[in-house]
Amino acid sequence: MSGVRLLVGTRKGAFVMRSDGKRERWEIAGPHFGGWEIYHLKGSPADQNRLYCSQSTGWFGQVLQRSNDAGKTWETVGNQFAYDGVPGQHLWYDGTPHPWEFKRVWHLEPSLTEPDTVYAGVEDAAMFKTTDAGQTWHELPGLRTHESASKWAPGAGGLCLHTILIDPANPKRMFIAISAAGAFRSEDGGTSWRPINRGLKSQQELPDPNAEVGHCVHRLAMHRSKPGVLFMQKHWDVMRSDDAGDSWHEISGNLPTDFGFVIDVHAHEPNTIYVVPIKSDSEHYPPDGKLRVYRSRTGGQDWEALTNGLPQRDCYVNVLRDAMSVDSLDKCGIYFGTTGGQVYASADAGDSWTAVARDLPPVLSVEAQTLA
Amino acid sequence: MIRVVLPQHLRTLARVDGEVSVDVPGQPTLGGVLSALEETYPVLRGTMRDHVTLKRRPFVRFYACEQDLSHEAPDVPLPDAVASGAEPFLVVGAMAGG
């Protein structure tokens with residue numbers, strides 16, 4: 001029987017939520033790893049019971065967990081993320097050089113075909129890879145040693161590699177995003193990278209608004225049937241590329257604000273996209289106290305507010321960059337979590353919403369697994 | 001045997017309850033106790049000190065016999081009371097929780 005599993009990372013533990021295909025009633029298990037920050041969990045597309053989880057605290061550092069039974073039990077795997085060679089320096093917030101220092105794993109992206117292979121995006125920004133189910137990790141240093149890396153600077157959350165997309169048609173083509181360096185593309189499985197930021201403008205944040213690197217990209221999204229079309233929620237501006245990132249154009253259109261963190265694509269409609277507008281970079285909550293998901297069925301520019309079931313007064317939560325996901329059932333389900341601890345679900349592509357959970361710790365990430 | 005009290009998060013990670021004991025060959029030192037802990041409980045590697053540099057993590061403290069040993073060199077012998085097992089060696093998460 002089909003169903004959906006939600007993997008929810010929070011400031012104080014991980015939760016695994018399960019529903020059947022109707023997506024009306026949910027069983028919630030957790031917290032796993034109570035008290036630890038769970039930046040991200042994700043399941044292997046090649047084995048739906050194989051899960052990976054990034055667990056960390058400021059006190060005791062990074063831990064990685066793996067489950068082989070859909071989150072019922074977990075085992076600790078390798079946590080040594082050593083940069084390859086001398087790490088070098090990036091820019092600090094004030095523009096002075098600062099040494100590269102590993103902080104945590106922000107994002108785990110399992111291979112599309114190999115359950116034991118996973119890519120990890122870390123802070124300070126770099127990409128790591130395991131091919132032994134997490135026991136050992138090695139850096140793919142071509143990104144961190146890119147000639148532009150000495151000009152990268154952290155966003156408010158740190159110099160984090162937070163998005164990894166793998167082209168389903170050509171797994172050697174990968175896209176990543178770093179706050180605040182920008183987006184990059186690899187054609188060789190992560191060995192070498194080139195910046196793909198032409199068309200991005202950061203008038204307030206950069207001395208050269210059109211700089212090749214330095215843009216605060218918050219999230220990238222792609223539909224698996226059209227991997228050359230990319231969508232981006234930048235610090236400000238919602239952007240689209242139709243040439244695999246070679247150039248970008250703005251699609252913010254009639255959004256009430258084009259600041260935000262999440263962006264995602266409908267599972268069956270490559271031109272239907274979702275964002276959650278946030279008031280500003282200093283006011284991380286929805287405009288007018290109304291939590292609204294905005295949907296465009298035209299690939300951008302024309303947006304409609306989705307409000308049915310979402311709080312429309314006195315709501316001042318944020319939705320962080322890894323906290324939205326879609327399932328691939330018919331109708332497409334869409335899910336997001338908030339810094340207020342709510343997890344909202346829509347089983348009808350956003351037309352209506354219900355709260356799966358209301359009182360979790362602040363939600364850092366949400367991943368939906370469609371179960372066969 | 002050296003008695004060690006781990007903080008709650010590390011007890012959970014190592015799947016132990018209460019105090020643990022580790023065998024430290026020769027004169028027990030701060031570094032020797034940490035190495036013995038990591039040898040006995042490999043999941044603790046990287047949680048108290050860096051994998052490579054062995055530098056103490058900034059928010060981890062080491063106490064024993066009402067003394068702060070956090071800044072002692074790793075080869076400094078531990079107090080006799082810890083070496084004899086009369087007093088425990090404490091691994092502590094720094095007070096930073098508000």
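We did not get these values from a lab; they are worked out from the coordinates using the rules stated. As the structure is a computational prediction, the values presented were derived from the model and not from experiment. Here the Cβ is made from the backbone with ideal geometry for all residues, glycine too, and neighbour counts use every protein chain on show.
Annotations
- Of all residues making up the range B:58-76, the number that are away from chain A (no Cβ under 14 Å), surrounded by 15 or more Cβ atoms within 10 Å (Cβ to Cβ) and either closer than 25 Å to A:T57 by Cα or touching a Cys at 6+ places or on another chain (Cβ under 8 Å) (or both): 5
- Taking the range A:75-94 as the range and being within 11 Å of chain B (Cβ to nearest Cβ) and either touching a Cys at 6+ places or on another chain (Cβ under 9 Å) or not hydrophobic (A, V, I, L, M, F, W, C) (or both) as the test, the residues that pass are A:E75, A:T76, A:G78, A:N79, A:Q80, A:Y83.
- Subset of the range A:175-231 that is of a type in the set (S, T, N, Q) and buried (at least 18 other Cβ atoms within 10 Å of the Cβ) - its residue that is nearest to the chain's Cα centre (by Cα): A:S179
- Number of the condition not met by B:G18 [criteria: (1) over 20 Å from A:F60 (Cα atoms); (2) in contact with a strand residue (DSSP E or B) (Cβ under 9 Å, 6 or more places away or on another chain); (3) not charged (D, E, K, R)]: (1)
- Of residues in the range B:40-76 being part of a strand (DSSP E or B) and under 13 Å from the mean Cα position of the chain (by Cα), the one nearest to A:W137 (Cα to Cα): B:R49
- Some residue of the range A:204-213 being over 21 Å from A:D281 (Cα atoms), part of a loop (DSSP other than H, G, I, E, B) and aliphatic (A, V, I, L, M): no
- A search for C-beta distances below 7 Å between a residue of the range A:279-299 that is closer than 17 Å to A:G155 by Cβ and any residue that is part of a loop (DSSP other than H, G, I, E, B), counting only pairs 6+ apart in sequence or on different chains, returns A:S280/A:T257; A:D281/A:H235; A:H284/A:N318.
- Restricting the range A:25-72 to residues that are closer than 25 Å to A:A372 by Cβ and within 12 Å of chain B (Cβ to nearest Cβ), the residue that is surrounded by the most Cβ atoms within 10 Å (Cβ to Cβ): A:Q65
- Failed item, numbered, when B:R3 is tested on (1) of a type in the set (K, R); (2) farther than 30 Å from A:R11 by Cα; (3) over 12 Å from the mean Cα position of the chain (by Cα): (3)
- Under the condition of being free of Cβ contacts under 8 Å to residues at least 12 places away in the same chain and within 13 Å of another protein chain (Cβ to nearest Cβ), the residues counted in the range B:16-57 number 10.
- Selection within the range A:325-350 - surrounded by fewer than 21 Cβ atoms within 10 Å (Cβ to Cβ), more than 17 Å from A:S2 (Cα to Cα) and touching a residue at least 60 places away in the same chain (Cβ under 8 Å): A:G341
- Listed by first and then second residue, the pairs linking a residue in the range A:157-184 that is in a loop (DSSP other than H, G, I, E, B) to a residue that is small (G, A, S) and crowded, with 19+ Cβ neighbours inside 10 Å, with Cβ atoms under 6 Å apart and 6 or more places separating them unless they lie on different chains, are A:L159/A:A125; A:A180/A:A153; A:A180/A:G155.
- Being more than 14 Å from chain A (Cβ to nearest Cβ) and at negative phi is a property that holds for B:P79.
- Residue in the range A:144-152 that is in a strand (DSSP E or B) and in contact (Cβ under 8 Å) with a residue 24 or more places away in the chain present: no
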